[in-house]
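Reviewing the structure listed below.
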Amino acid sequence: MWIPKLDPLKKPLYQALADALSEAIERQELVPGTRLPTHRALAHALKLTVGTVTRAYAEAERRGLISAQVGRGTYVLDTQTSFQHLSQTPSPLDFSLSLPIPNPQSALWLQQSLLKLSQQGVQNLLEYQNEQGLLAHRQQISHSLQAWGLPIQAERLLICQGGQHAIALALQSVAHAGDVICSSALTYPGMIAAARQLGLKHQGLAFDQQGLIPQAFERQCQHQRPRALYLIPNQDNPTCTCLPLERREAIVQIAREYQVWLLEDDVQLNPSEQRLPSLLELAPERTLHISSFSKLVAGGLRVGMLQVPESLLPHARANLKAQCWMVSPLAPALICQGLADASLLPLIEQQRQEIQARQVLVQNYLGRWQVRAQPWGFNVWLPLPEPWRASQFVDSCRRAGLEVKSAEPFAVGSYPAPQSIRFCISAPAQREQVEQGLEILVHLLEQGCLPHVQTL
Ligand SMILES: Cc1ncc(COP(=O)(O)O)c(C=O)c1O
C-alpha cells in the first residue's frame, strides 16, 4: 500500500497529502493505473481523519492527477495527458457565479445517501405523483424550514426544479402576457429572463442603500398597477441589501391597497437568527415564497420550492402539471432523507461558517471602499470609485486572472447600470483563492484607473 511521508511543515494537512501524491506521480513512484489506498486505510496509516484524506483526494482529482470511480476505487491518471489539459486551460479565479462552496464532503454525502435510499422502499419514486410533489417530502421540507423560522406549509407547497423554476411558475401563476410586473431596477437575471419569456412588461423601480424604495413602488401602482412585485428582501442579488422591517411593512401596505401579488425570493435561506420577518409572515394572503436547496446543498440536484396563497393553488398546480406533469421525486427524496437523518446539517453549517469567515476577509481587505455584503451572503457589491467604468474594471480583473460581474446583466430594460461590480466569494474552493482574488481587487483599486485614450 502506498503510504507517503508527509512534510510536517506543510499545512493544511490535506494539501500536504495532495502535494505528496503529486510528487510521487512525478517521480513515477505511482504509475498510471495504480489503485490508491481507500480513504479509511490511508487515514488509519497516516493517523489522519477520513475527511482529510477525502479532501486530499478531491484536491488531487481537481488537479487532474487521479480519478475516483464509484464502487471501484481511486486510480492514478496518465498525467501526460491530464497535465497537458490543465496547461491548455489556465483556470482563472472565478468570482462571477453565485455557487455553493465546492466541498468534497458533499459528493461523499450524495454517494452515501444514494446507497441508503436504494436500501429503502423506492417503489413510490417510480410512480406518477401529485403534481405538488410527494406529501411526505413536502411535510419534511416544511418541518425543516419552520425550524429555520419560515412559516412553510406542506399543503400549499409545490416542489420545483430549483429556484429558477419556482420564479417562472410564480410569475406564470399571477400574470399573463402583456401584464405589468415590477422589481428593483437591478435584479436577478433569471427573473428578468423568465418575465421576458412570458411576455410580461417588466418595470424597474428605484432603490437605494437599503433596497427598494416603497414610494417608488407606490408611484408605479398609481401610474400603472402591476400584477406583482418581485423582491429579494434578505440578501438582494446583486446589491446585497437587506430590506429593513419598516420598508417591508410599507411595501405590504401598498401591495394590499393596490391588490398586488408579492413574489418573495428567499433562495439563500438565511439562518433563523439572521432573519427579519419575511413578506410571507407579514402578508401571507398575497405572498408567493420562492426557496431552493441549490445554495445550501447543490445546484445540480435542482430542488426548489414555491409556496402560494390558498387562492392561487389550483392555478399554480395546473401550470406545473402543464409544464412537466410533476418534478421527479428522486432528488427531493435525497434532500428529505438528508434533512430527516440530519446528515445534511453539518454540510450546511460548515458552509455557513466558512462564508462568515470569508466575509470577514472581505471587510479586512476592502473595508476602506464602499463594499456591501451580508454576513451570511455569497455575494459582495462594490460601487467603483471614480473614474472607473465597470466594463474597464471587469476587463482589468480578467487580465489579472479574476472573473467578476458588472451590474449590466442585472439591469431591467434600458435602466442605466451603475459603475459597480458584483463578485461572489463562495465559488472558489479554497479560502486562499478568495484572498488571491481580494488582493487583485485591492491592487486595482489602489492603482486606480489608468488613463487610456479610445480611438474616436
Ligand atoms: C436570487 C436568486 N434567485 C433564484 C436563483 C435560482 O436558484 P436555483 O439555482 O435553485 O434555480 C438564484 C441563483 O443564483 C438567485 O441568485
> Long-range amide H contacts for residue 230: which residues qualify at under 5 Å (H placed 1.01 Å from N, peptide plane, sequence gap of 5 or more or a different chain)?
Replying inline: 182, 183, 263
> When the helices in the chain are scored as -39500 (n - 2.57) per DSSP H run of 4 or longer and the sum is shared across all residues, what 222 nm value do you end up with, to the nearest 500 deg cm²/dmol?
Replying inline: -13500 deg cm²/dmol
> Under the Kirkwood approximation applied to all pairs of distinct alpha-carbon atoms, what is the hydrodynamic radius of the chain in Å?
Replying inline: 24.1 Å
> Within straight cross-link reach of residue 10, meaning Cα distance under 21 Å, which lysines are found once same-chain residues fewer than 8 apart are removed?
Replying inline: 47
> Any idea what log10 I(q)/I(0) is at q = 0.13, 0.29 Å⁻¹ for the stretch 13-76, Debye with uniform C-alpha scatterers and no solvent?
Replying inline: -0.29, -1.45
>> Can you list residues from other chains, or at least 5 along the same chain, whose modelled amide H is less than 5 Å from the amide H of residue 179?
In response: 201
>> Within the chain, what whole-number % of the accessible surface is contributed by carbon and sulfur, with the 1.4 Å probe and all protein chains included in the calculation?
In response: 53 percent
> Taking only protein heavy atoms and a 1.4 Å probe, what accessible area per residue, in Å², does the chain have with all protein chains in place?
Replying inline: 47 Å²
> Considering only DSSP states other than H, G, I, E and B, which GluC sites (Glu not before Pro) in the stretch 265-331 qualify as loop sites with at most 16 other Cβ atoms within 10 Å?
Replying inline: 285
> How large is ³J(HN,Hα), in whole Hz, for each residue of the stretch 327-340 in order, when computed from phi with the Karplus curve 6.51 cos²θ - 1.76 cosθ + 1.60 and θ = phi - 60°, using x for Gly and Pro?
Replying inline: 7, 4, x, 5, 5, x, 4, 5, 4, 5, 4, x, 6, 5
> How high is the FRET efficiency from residue 285 to residue 246, r the C-beta distance, R0 22 Å, rounded to 0.05?
Replying inline: 0.60
> Ordered by residue, what ³J(HN,Hα) values in Hz, to whole numbers, does the stretch 155-166 give under the Karplus form 6.51 cos²θ - 1.76 cosθ + 1.60, where θ = phi - 60° and Gly and Pro are x?
Replying inline: 5, 10, 9, 10, 7, 10, 8, x, x, 4, 5, 4
> What figure in square angstrom, to the nearest 10, would you give for the accessible area of residue 258 with a 1.4 Å probe?
Replying inline: 50 Å²
>> Considering all projection directions equally, how large on average is the shadow of the alpha-carbon convex hull of the stretch 346-448, in square nanometres?
In response: 6.9 nm²
>> If I take R0 = 22 Å and measure r between the Cβ atoms of residue 38 and residue 115 in this structure, what FRET efficiency does the formula 1/(1 + (r/R0)^6) give, to the nearest 0.05?
In response: 0.90
>> How tilted is helix 13-26 with respect to the longest principal axis of the chain? Cα atoms for both, answer in degrees (0 to 90, nearest 10).
In response: 50 degrees
>> What are the ³J(HN,Hα) couplings of the stretch 291-307, residue after residue, when phi is run through the Karplus curve with 6.51, -1.76, 1.60 and θ = phi - 60°? Round to Hz, x for glycine and proline.
In response: 9, 6, 9, 4, 7, 7, 10, 6, x, x, 6, 6, 10, x, 9, 10, 9
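The values are calculated or read from the model by the stated rules, or taken from the named source; none is laboratory data. Note that the structure is predicted; figures quoted are calculated from it, not measured. For neighbour counting, all protein chains shown are included, and Cβ atoms are generated from backbone atoms with ideal geometry for every residue, glycine included. SASA here: full protein model, heavy atoms, side chains in, ligands and nucleic acids out. Shrake-Rupley method; radii C 1.70, N 1.55, O 1.52, S 1.80 Å.
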